[in-house]
Structures are given as C-alpha cells and as structure tokens.
1. Would you be able to say whether some residue in region 68-87 is of a type outside the set (Lys, Arg), assigned to a helix (DSSP H, G or I) and surrounded by 17 or more Cβ atoms within 10 Å (Cβ to Cβ)?
2. Would you please list the contacts, defined by Cβ atoms under 9 Å and residues six or more apart or on different chains, that run from a residue in region 44-62 that is touching a residue at least 12 places away in the same chain (Cβ under 8 Å) and closer than 24 Å to Leu95 by Cβ to a residue that is of a type in the set (A, V, I, L, M) and not in a helix (DSSP H, G or I)?
3. In this structure, is Val57 at pLDDT 95 or above, in a loop (DSSP other than H, G, I, E, B) and surrounded by fewer than 16 Cβ atoms within 10 Å (Cβ to Cβ)?
Amino acid sequence: MQTTPAIPPREDNPCPSPITVWQQLLTYLLEKHYGLTLNDTPFCEENVIQAHIDAGVTLVNAVNFLVEKYELVRIDRNGFNWQEQSPFLTTVDVLRARRATGLLKV
C-alpha cells in the first residue's frame, strides 16, 4: 500500500533576491507615481540598492529621499484638493506595488 503525504509538496519557486525585489518594486513605483524609469535614478545600479539594503534603509525611505532631493511630483493624482497633496510614497503604495507585481501572494 502506497501512502501520499497529507500536505502536497511545495513547488520549487525560488524566492527572488532582495535586489531583484527592490528593482521590481522601484520600476513599478517610479513609473506609476513619478513617470520615471529605474535608469533615471541611482537605483539602476545593483550596488546602490545593495548599499541601501545593507544600511537598513527601507524602500519607502529610499524613494522618499529622491522625492525630497529632486522635488518630484506625483503624477498619479488627479485634480486639486483643498488639502495639499503629499508627493511622498506610503507603505500602502508599496503594498499595492507588491500586489501589482506579483510579489504579494494573497
């Protein structure tokens, strides 16, 4: 008699490296929110991304530093609001990007 495991074996889906994850998220976030490509930023080089990761800088803080330094304006918001709209990314923006890029499994 042959038995099968109660839990099916996991597929071999290797996790992407942290650099790959940052590249995917940065590509999505920069294009969607600021109309930029990865090559428009210092993050086009893997060693820059790795330095941020090694220093413990979050992706949100890394992008928001660029936003502040270059006075970037978000292009994903329509119309005027009586409140000033912040140009900065939030963690919710990153979560949405993770979902859109397939990095967040629901």
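The values are calculated or read from the model by the stated rules, or taken from the named source; none is laboratory data. Keep in mind that what you see is a predicted model, and the values were worked out from it rather than measured. Here Cβ is always computed from backbone atoms with ideal geometry, including for glycine, and neighbour counts include all displayed protein chains.
1. We begin by selecting, within region 68-87, every residue of a type outside the set (Lys, Arg); these are 68, 70-73, 75-76, 78-87.
Next cut, assigned to a helix (DSSP H, G or I) only: 68, 70.
Still in the running and surrounded by 17 or more Cβ atoms within 10 Å (Cβ to Cβ): none.
So far as region 68-87 goes, no, none of its residues is of a type outside the set (Lys, Arg), assigned to a helix (DSSP H, G or I) and surrounded by 17 or more Cβ atoms within 10 Å (Cβ to Cβ).
2. Qualifying pairs under 9 Å: Leu59/Leu89; Val60/Leu89.
3. Working: at pLDDT 95 or above: yes; in a loop (DSSP other than H, G, I, E, B): yes; surrounded by fewer than 16 Cβ atoms within 10 Å (Cβ to Cβ): yes.
Here the answer is yes, as Val57 does meet what is asked.
Residue-wise test of (1) modelled with pLDDT under 95; (2) of a type in the set (A, V, I, L, M, F, W, C); (3) out of contact with any Asp or Glu (no Cβ under 6 Å at 6 or more places or on another chain).
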{"position": "Pro8", "(1), (2), (3)": "yes, no, yes"}
{"position": "Thr41", "(1), (2), (3)": "no, no, yes"}
{"position": "Lys69", "(1), (2), (3)": "no, no, yes"}
{"position": "Gly79", "(1), (2), (3)": "yes, no, yes"}
{"position": "Leu95", "(1), (2), (3)": "no, yes, yes"}
